[in-house]
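Some notes on the structure that comes next.
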Amino acid sequence: MRTFTEDPPRLPGTRPGGTRTEREASQRVQQMFSRIAPRYDFLNHLLSFSLDRLWRRRVARLFRRTLRRTDARILDLCCGTGDLTFALERVRVHELRDATAHRTPLFGSDFAQPMLDRAHQKALAHGRSAIFTTADALHLPFADSNFDLITTAFGFRNLVNYEAGLREFARVLRPGGELAILEFSEPGVGLTAGLFKFYFKQILPRVGAAISGSKEAYSYLPGSVSKFPTSAELAAMMKKVGFTDITIARWNFGSVLLHTATLLAAKL
Ligand SMILES: C[S@@+](CC[C@H](N)C(=O)[O-])C[C@H]1O[C@@H](n2cnc3c(N)ncnc32)[C@H](O)[C@@H]1O
């Protein structure tokens, strides 16, 4: 029997704008990101004061050892316009010290075609070799045990079923493969955290709506962050589906979290 002190049951995944089923929620997320694609990069850099570039670069550098291996197969999920994919590629080229060295291409995938179109354009403009594919992160078109590293930046929170997402990542990762999830989080307590919350909930949605023309997308952002599982809950889910060595790094006063994990040598 539920008592009044119990927290309401957490949703299995995101449900933007009162959507009720996974199917409805998934369509809404896809439409939202497709709509804001033309202004997405500009707004990302503006609203984060360009810190988003730094966060992605930090993630890429953490995986230097894997990136150095020319045969490493790497997938950046919910890649959007490709900024983390390109950050990974830049670190890889730097680590190999030869831009022309033969290496397995990096893969980026997303289900919002207009976001991927921009990723393609950027790859062409900057001579990047990453391969971008349209795919739902919950139903990936890749064979089992295919990748050495999966990354995702600010995408995981938008999945309509977090546990199913983690299971799908585990399926396409090889045993011993690595996972990195970069996500926003509600910062803790204190003055700076309070100021950040005010900015995130009051200023960012208004500026985002005015520039992108989508009120929904930029009010969805703080709303979805506040409903996202806590780091302990996410870590428990990762463990449940077979990840181990889970680490959590807190950046920017706890407003950005990086979860990393390794898939157990024997799959569950
Ligand atoms: C906030 S953007 C992040 C984009 C990019 N990773 C970055 O760092 O800027 C979230 C992305 O997740 C994608 N996404 C959300 N749910 C998805 C799903 N189920 N399958 C594939 N992509 C998804 C959206 O289309 C969007 O491009």
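Of all residues in region 10-49, those being free of Cβ contacts under 8 Å to residues at least 60 places away in the same chain and under 17 Å from the mean Cα position of the chain (by Cα) number 3. Per the conditions (1) in contact with a strand residue (DSSP E or B) (Cβ under 8 Å, 6 or more places away or on another chain); (2) closer than 21 Å to Trp55 by Cβ, the sole criterion not satisfied by Val91 is (1). One residue stands out among those in region 84-123 that are under 21 Å from Ile150 (Cβ atoms) and of a type in the set (Asp, Glu): the one that is surrounded by the fewest Cβ atoms within 10 Å (Cβ to Cβ), which is Glu95.
Taking region 227-249, which residues are touching a residue at least 60 places away in the same chain (Cβ under 8 Å) and either within 24 Å of Pro175 (Cβ to Cβ) or in a loop (DSSP other than H, G, I, E, B) (or both)?
In the first step, residues of region 227-249 are kept if they are touching a residue at least 60 places away in the same chain (Cβ under 8 Å); the result is 227-229, 233-234, 237-238, 240-243.
Residues satisfying the conditions are Phe228, Pro229, Leu234, Met237, Met238, Lys240, Val241, Gly242, Phe243.
crowded, with 17+ Cβ neighbours inside 10 Å, over 19 Å from Gly13 (Cβ atoms) and among the hydroxyl-bearing types (Ser, Thr, Tyr): is that true of Thr133 in this structure? No; evaluated as a whole, the condition is false for this residue. Checking each residue in region 195-204 for being modelled with pLDDT under 90 and either surrounded by 13 or more Cβ atoms within 10 Å (Cβ to Cβ) or under 20 Å from Asp41 (Cα atoms) (or both) picks out Phe196, Lys197, Tyr199, Phe200, Lys201, Leu204. Against the condition under 30 Å from Phe147 (Cα atoms) and part of a helix (DSSP H, G or I), how does Ser224 come out, does it pass? Answer is yes for this residue.
Among the residues of region 74-111, the ones that are part of a strand (DSSP E or B) and either near the ligand (Cβ under 8 Å from one of its atoms) or touching a residue at least 60 places away in the same chain (Cβ under 8 Å) (or both) come to 6 in all.
Filtering region 163-181 to residues that are surrounded by fewer than 21 Cβ atoms within 10 Å (Cβ to Cβ) and not hydrophobic (A, V, I, L, M, F, W, C) leaves Glu163, Arg167, Arg171, Arg174, Pro175, Gly176. Every condition in (1) modelled with pLDDT of 95 or more; (2) assigned to a helix (DSSP H, G or I); (3) within 13 Å of the ligand (Cβ to nearest atom) holds for His45 except the one numbered (1).
I'd like to know if region 48-63 contains one or more residues that are part of a loop (DSSP other than H, G, I, E, B) and acidic (Asp, Glu).
Of region 48-63, the ones part of a loop (DSSP other than H, G, I, E, B) are 48-50, 63.
Within this subset, residues satisfying the condition of being acidic (Asp, Glu) are none.
Looking through region 48-63, none of the residues is part of a loop (DSSP other than H, G, I, E, B) and acidic (Asp, Glu).
The values are calculated or read from the model by the stated rules, or taken from the named source; none is laboratory data. Note that this is a predicted model, so its numbers are computed, not measured. Here Cβ is always computed from backbone atoms with ideal geometry, including for glycine, and neighbour counts include all displayed protein chains.
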